[in-house]
Amino acid sequence: MAQTAPFAASGALIQLERVSKSYRRGGETVQVLDRVDLAVPRGEFLALMAPSGSGKSTLLNLLGGLDRPDEGSILFDGVALESMGPRELTRWRATHVGFIFQLYHLLPVLSAARNVELPLLLQRLGHAERQRRVAAALSLVGFPDDRHGFRPTELSGGQQQRVAIARAIVTNPTVLLCDEPTGDLDRHAGDEILELLVELNRRLGKTIVMVTHDPHAAERARTLVRLEKGLVGEIRTSPA
Ligand code: ADP
Ligand code: MG
């Protein structure tokens, strides 16, 4: 197991420099992230592992521009997210980022296909082109053809996560940010989702950052980073 030093890597797709984030709770300030440095090369599949409550979701939300750090800088392809205003950041996110969550976050009243179509409604695409892309994305994630019209409650957890992944990739984003993507699945369904992420990384070259507290999930990534007390700690790179 080789050690890597991702901190100073130049030309990284995503680079965090001394990123800090705290929350106020009651009268107290809780320091969740304390000057975190991290570089994610283009094409990487990085697992960031840490126990619950240690700031994983916080970090992922900062990476995706859903929240802003108190201090420090987040560079995406050399552009500082903190330099963007709210509208620009929203546009940037719609173009570059696909989010995948533990509990799928599908809209219950919409069919699988309609859920996948949602991000495309923000783009100027005709109906036929949207349908074509939705079908391509659902096929890519191995979602059954005969279930496109099913609602989330009519699908298994693994199928729901496939729909959520199709929704995340339908806009062809640069990076996939996954927050405990197998956290609500049994081992078999979870393994299938991890295999799908590995494929999206290898075959489509998607850069993936996955946060998890599950060592088994983290094992499937190419690089594993541990977050400890808000600091990026032990790092290993596997020869995947
Ligand atoms: P993880 O995803 O690793 O479980 P989180 O990033 O969700 O951790 O949370 C890290 C810490 O920050 C926890 O103690 C949590 O309670 C706290 N926290 C997260 N979000 C907020 C918030 N919006 N307001 C106050 N505290 C928060
Ligand atoms: Mg979390």
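The values are calculated or read from the model by the stated rules, or taken from the named source; none is laboratory data. Everything quoted here is computed from the prediction, not taken from an experiment. Counting neighbours? That spans all protein chains shown, and the Cβs are built from the backbone with ideal geometry, glycine included.
Structure above, values below:
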| quantity | calculated |
| --- | --- |
| All helices (runs of 4 or more DSSP H) inside the range 79-183 with 3 or more residues being over 20 Å from Gly64 (Cα atoms) and modelled with pLDDT of 95 or more | 112-117, 127-140, 157-169 |
| Index of the failed condition, Gly55 passing every other in (1) over 15 Å from the mean Cα position of the chain (by Cα); (2) at pLDDT below 95 | (1) |
| Selected residue (only one of Arg35, Arg25 is within 13 Å of ligand 1 (Cβ to nearest atom), more than 19 Å from Pro181 (Cβ to Cβ) and either among the basic types (Lys, Arg) or touching a residue at least 24 places away in the same chain (Cβ under 8 Å) (or both)) | Arg25 |
| Positions within the range 48-76 being touching a helix residue (DSSP H, G or I) at 6+ places or on another chain (Cβ under 8 Å) and part of a loop (DSSP other than H, G, I, E, B), in sequence order | Ala50, Gly64, Gly65, Leu66, Asp67, Arg68, Pro69 |
| Scope the range 41-52; condition crowded, with 21+ Cβ neighbours inside 10 Å and either within 16 Å of ligand 1 (Cβ to nearest atom) or at pLDDT below 95 (or both); matching residues | Leu46, Ala47, Leu48, Met49, Ala50 |
